[in-house]
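Below: the structure, in structure tokens.
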Amino acid sequence: MSSVRPKAARLGILALVALEVASVVSARNLPVMAIYGWSMLALFLLAIFVFLLPISMTAAELGTGWPEEGGIYAWVREAFGGKTGFMAVWCDFAENIPWFPTVLAFMAASFAYAINPSLATNKVYLVSMMLVFFWGTTFVSMRGVTVSAKIAGIGTVLGSILPAVLVVVLGFVWLFSGDGSAIPFSAEALVPDVSLGNLAFLGGIILLFTGMEMVGFHSRETRDPGRNVPRAIFLSVGVIVVFSVLGSLFLAFVVPEKELSLVAGIMEMFERALGEVGASWLVRPIALLVAIGGIAHLSPWILGPSKGVAAVAHNGDAPRSFGKMSPRGVPVGLLIAQGIGGTVFSLLFLFVQNVSTSYWMLSAVTAQVIAIMYGLMFASVIRLRYIQPDQPRPYRIPGGTIGVWLVGGVGVLGCSASLLLGFVPPDQLETGNTVVYVLLLTLATVALCVPPFLWSAWERRHGRERGSRQPLPQ
């Protein structure tokens, strides 16, 4: 396979860092870690070594060694074949189905603060607004990637980066205004409670770092990827860690743990902190900006993974029907299926007693599917060192075979732990009957991950080989 970079490569370090930070940084997941108070520092340190660094180093090697389009599909396909590559890209598509309702709930709760903050806990309001936002964005996405791209930039800034920056800024304001912290400092407070139920939220911390592989996807468009890709990734790591740690910590300072909502926690902080400095009037416009920006940020995520699955179908590694495109180049069938799935998961908010519990259950399912995808990526970087040892890799995980086994092995163990912890009911939430809770999560995870296995079984039963299939016409 050629390792020659296209002549049009032009992305530098700063452009890559901006792309990475925009893909990862978001205030939406901060309440999950804020609940742990000061002990979050130890848990963040663990997550950085178990998730963040392994994902970053693996993406740097795979992205510079196999810089063709397709990202994780191309990497896993090189290591394990097209069917396993389909599993990886399917997980990238499927994890969005339960993830969309968590984003939509955050947007709907934020929008409530522009109307009436009490609506943020009203389940009927939340689900109604979520579905309006979701299907409206889905229909806009059907107009094609050009429309999605035009609104994605401003959406990323307003829906993800702006709230994260505001959380950090208002946290500093809160501290310097002389208000006491909701989590008094002590040496004992730094030590996390390692009971299984208390650590359940740790299974979702992978969501804070999802997207770290994004820079690896753009190696072909990068000047000197062997130098710039790893530097951009590790610079991005520093920025992301600062925002994640400070954002979660300041949120814990301002909003007491017993009052912190996983859905509306960010707006709760804005309301308290702005009220303290006599700027309560800013809550409504900020809420409106966050909601609108979040919806805009959602658009490329609705379309992007669907186009990835369609591309795999064109290669013959997925059902041909998945590759059917509209005249605008949009896989409408996949978008409709994705919309139906997202609607079903959104309805969970109506049937689970607590809004935060619904939010967490959807986050847990999302994290479990993502853990499977990243597990395949870690396994691929190890296998490719053996089956393609001479493939040029401008960046290699240091330490030779031992180094790649250490990084990949830690990553696989971290993904396994995240997968298993997702089934544990958190002590901080009312989850009802444990058996029902675990059963619901199991059914959701299996339902999301089973299609590639069904496709593989169907192929075997009908005796069809990959070589007998032809890509669909463009």
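Laboratory data are not the source of any read-out in this text; all were calculated from the coordinates shown. As the structure is a prediction and not an experimental result, all values here were calculated from the model. Positions of Cβ are generated from backbone atoms using ideal geometry, with glycine treated the same way; all protein chains shown enter the neighbour counts.
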For Ala27, list long-range residues whose amide hydrogen, built 1.01 Å from N in the peptide plane, is under 5 Å from its own amide hydrogen.
-> Ala164
For the residues Ser39, Ser128, what sequence is obtained by ranking on other C-beta atoms within 10 Å, fewest first?
-> Ser128, Ser39
Correct semi-axes for the stretch 269-376, from √(5λ) of the alpha-carbon gyration tensor and rounded to whole Å with the largest first, are 36, 19, 14
Rounded to whole Hz, the Karplus (6.51, -1.76, 1.60) HN-Hα couplings of the stretch 112-119, x for glycine and proline | 4, 6, 8, 10, 7, x, 5, 5
Treating the beta-carbon of each Lys and Arg as +1 and of each Asp and Glu as -1, no other charges, what is the dipole magnitude of the chain about its Cα centre, to the nearest 20 debye?
-> 1820
Cβ crowding within 10 Å averaged over residues, with 368-378, 42-52, 187-197 ranked highest first | 368-378, 42-52, 187-197
q = 0.06, 0.09 Å⁻¹, the stretch 13-468: log10 I(q)/I(0) [Debye, one scatterer per Cα] = -0.24, -0.56
With 0.36 nm assigned to each residue of separation and the Cα-Cα distance removed, Ser195 to Asn116 gains 24.6 nm
The stretch 334-474, dipole about Cα centre (Lys/Arg Cβ +1, Asp/Glu Cβ -1), debye to the nearest 20 = 680
Highest to lowest packing among 293-305, 448-460, scored as the average C-beta count within 10 Å | 293-305, 448-460
Give me the net charge of Ser39's neighbourhood, meaning all other residues with Cβ under 14 Å from the Cβ of Ser39; Lys, Arg count +1, Asp, Glu -1.
-> -4
Sorted by chain and then number, the residues having a modelled amide H within less than 5 Å of the amide H of Leu11, at least 5 places away or on another chain, are Thr222, Arg223
Residue by residue through the stretch 425-434, which ³J(HN,Hα) values in whole Hz follow from phi under the Karplus form 6.51 cos²θ - 1.76 cosθ + 1.60 (θ = phi - 60°), with glycine and proline marked x?
-> x, x, 5, 6, 10, 8, 10, x, 5, 4
Round to the nearest 0.05 the FRET efficiency obtained for Leu14 and Glu257 when R0 = 35 Å and r is the Cβ-Cβ distance.
-> 0.40
Gly197 neighbourhood, Cβ < 13 Å, K/R = +1, D/E = -1, net charge -3
Mind running the shape call on the stretch 327-474? Use the C-alpha gyration tensor, a ≥ b ≥ c as the square roots of the eigenvalues: rounded below 1.5 for a/c, prolate if a/b tops b/c, oblate otherwise.
-> oblate
Mark the label point 7 Å from the Cα of Leu413 along Cα→Cβ and return the residues of the stretch 40-78 whose backbone N is within less than 15 Å of it.
-> 46-55
The stretch 13-468 - percent relative contact order, Cα under 8 Å, separation 6 or more | 33
Residue by residue through the stretch 267-277, the couplings from Karplus 6.51 cos²θ - 1.76 cosθ + 1.60 with θ = phi - 60°, in Hz, x for Gly and Pro, are 5, 4, 5, 4, 4, 5, 5, 5, x, 5, 9
